[in-house]
Amino acid sequence: MPRVDPKGNPCSATNGTACETSRGTLAITVRVPSGMDINERISRFEALIADEPDNDMAHFSLAGAYMQAERPEDAAKAYVRCTEVNPDMSKAFQLGGQVLAQTGQTEAAIELLQRGYVSAMAKGDLMPAKGMAETLESLGAEVPKTKADADAGPADMTCAITGKPGSKIERPPFKGGLGEWLVANVTRQTWDDWLGLGTKIINELRLDLSRDEHEVVYDYAMRRYLRLSDEQYAELTGSEPKPPGGDFKHTVDMILERMGQLESFQGDLHKQV
């Protein structure tokens, strides 16, 4: 029975496109036709889970399919099961908590979100952590204090990216409007996290920043991480951003979704671009 890739597509050895589950071994992508009936998609994922009950991405993808089919209660169960199979999947905690709240299961939502928030902060998954914090606040629940909060030290500002307090960037990382925007909106902790992830992207994709096309890839990843729209970037820099070429866009998007958790690719991620 095939696995699924990070976008929820079942995988088998019928074509030549590499993919990977968040825990599994390298497989080959078979994309589910976009026009496939949602119930057929659900049946495929349910069959896959019956054969591979510990396939975390299958549970995650099944939850998404349930939501498309307007079955939120089933989606909530699938997201929760995903967190049990893979406690490191911050996005499953975030979406599972949201769906539990939407279906009136407030206590269960708060418990899941609080556990997920602590786990996400410990791993540095800042974007899912921010989403969970926002949902907890909307439910009138406490956002847990974590070691990462304590390590941040006295707060100079609230980061526009993560919603977390932190210290200011001492000097603009860039000249002009972009550097000024970073100092005004992004904490040093978030910028340091980006530098770490950006370095991983360079190494994983074997980027040579002396090449224009590779610099475009890095800039795209930075814009996505900082949630800068193309319009904002153009206004701040005076130039229109260039899109990355080839398969780089999809691969960078996948890296950001995983928040840099790429160990299962065993250093072979560059072969996908």
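Figures for the structure shown
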quantity	calculated
Scan of the range 224-244 for residues that are under 21 Å from the mean Cα position of the chain (by Cα) and either surrounded by fewer than 16 Cβ atoms within 10 Å (Cβ to Cβ) or polar (S, T, N, Q) (or both), ordered by number	ARG224, ARG227, SER229, ASP230, PRO243
Any hit, the range 214-221, residues being over 19 Å from TRP194 (Cα atoms) and either modelled with pLDDT of 90 or more or not hydroxyl-bearing (Ser, Thr, Tyr) (or both)	no
Helices (runs of 4 or more DSSP H) contained in the range 122-237 and holding at least 2 residues within 27 Å of THR251 (Cα to Cα)	126-138, 176-185, 188-205, 212-225, 230-237
Yes/no for ASN55 being surrounded by 15 or more Cβ atoms within 10 Å (Cβ to Cβ), touching a helix residue (DSSP H, G or I) at 6+ places or on another chain (Cβ under 7 Å) and either at pLDDT 95 or above or farther than 23 Å from ALA133 by Cβ (or both)	yes
Residue in the range 14-29 that is over 24 Å from GLY124 (Cα atoms), in a helix (DSSP H, G or I) and either acidic (Asp, Glu) or at pLDDT below 90 (or both) present	no
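The values are calculated or read from the model by the stated rules, or taken from the named source; none is laboratory data. This structure is a prediction, so every number in the text was calculated from the model and none was measured. Don't worry about glycine lacking a Cβ; one is built from the backbone with ideal geometry, like all the others, and counts go over all protein chains shown.
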